[in-house]
């Protein structure tokens, strides 16, 4: 009997319907063009090396991905793509949508952002002086392992749910992940980036023809440096792996950011599934009509202070939305102007006129935004 992941998910939904929901707002705008994986090379790297090598003669300027339509509005130089990764982590390049919370049309899996992936490829091509086709594969060697870790964690959560007959993933997403992302307690992103670095370090997993090019980059160090420049959580990939897995397992099982799963139970957290290989995760490509920052981030400068607001910030603290000081990292409560150094320390308040200026600018630039009730 050919019993694949669609069959497993259909049975799981019948057995435990409360473990599933629908993504209300994916991390891309409604006008994005979503298509099956066709533009980028196969990240499972299943083609023969000689076939691959014959296909990688394009130059950066002759990027074939631009032939199917107009280019996206996206960073024009390496520093800008580096800045995007330092701010968003791998979410600047791709997103994983869980099968626990698929899109309204039922699609789930890994969604590559075409423009950012192309820009990372161009950066690698310039850094290593390699053809664009080679660089695009190397870019996927960074991003695909990160996203596929989320798939492995998804499968692990489902197994635990069916064993315990209780929803785990949805409470974890709502009460833990959203509160810890971009902090050092975000074990899921730390382990996802660790997967990227591990793959780069163990070069036997990478086709020889790729490593011949990547050797000029010191590939493991190159990937590690990129991950280290990511936000907190993402950049903590080098934490003790038993601690990371125990932390993630505890967060899932108890829906508590500080919970910890003891060894040996922690050893099985998000490991490779014996039945469902990583290449069973669906792949998609998203073409955006503008760069990610243009629709996810606004910077407002009032009183000489630059405040940055993320439209899709998964962390609702202290308000949703809230603002981040671009220079100090402080967080601004948009209800009363309280400025927080961290979750337990508030340092000051911004003037009411400055708070109103920020709120008014948000309402002007993001029509329909639901601001929290004013309390001053």
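Read-outs: derived from the displayed coordinates by stated rules, not from any lab. Note that this is a predicted model, so its numbers are computed, not measured. For neighbour counting, all protein chains shown are included, and Cβ atoms are generated from backbone atoms with ideal geometry for every residue, glycine included.
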- Message: Apply the a/c threshold of 1.5 to the C-alpha gyration tensor of the stretch 325-376 and tell me whether it is rounded, prolate or oblate.
- Response: prolate
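Could you list 260, 324 so that the one with the fewest beta carbons within 10 Å of its beta carbon is first and the one with the most is last?
Exposure proxy ranking, most exposed first: 260, 324.
If you stretched the chain out fully between residue 127 and residue 10, how much longer would it get, using 0.36 nm times the residue separation minus the C-alpha to C-alpha distance? Write out the running numbers ahead of the final one.
Values: separation 117, 0.36 × 117 = 42.12 nm, distance 4.55 nm.
Extending this stretch completely gives an extra 37.6 nm.
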- Express in nm, to one decimal, how much length is gained between residue 345 and residue 268 on full extension, taking 0.36 nm for each residue of separation and deducting their alpha carbon distance. 24.0 nm
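Hey, fewest Cβ within 10 Å first, where do 79, 341 land in order? Provide the component values of the computation, followed by the final result.
Numbers: 79 10, 341 14.
Sorted ascending by nearby Cβ count, the order is 79, 341.
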- List 258, 123, 229 from most exposed to least, where exposure is judged by having the fewest other Cβ atoms within 10 Å. 258, 229, 123
- Query: For the pair residue 218 and residue 79, what calculated FRET efficiency results from E = 1/(1 + (r/R0)^6), where r is the Cβ-Cβ distance and R0 = 25 Å, to the nearest 0.05?
  - Reply: 0.75
- Task: Mind computing the radius of gyration and Dmax over the alpha-carbon atoms of the stretch 230-376? Å is fine for both.
- Result: 19.9, 59
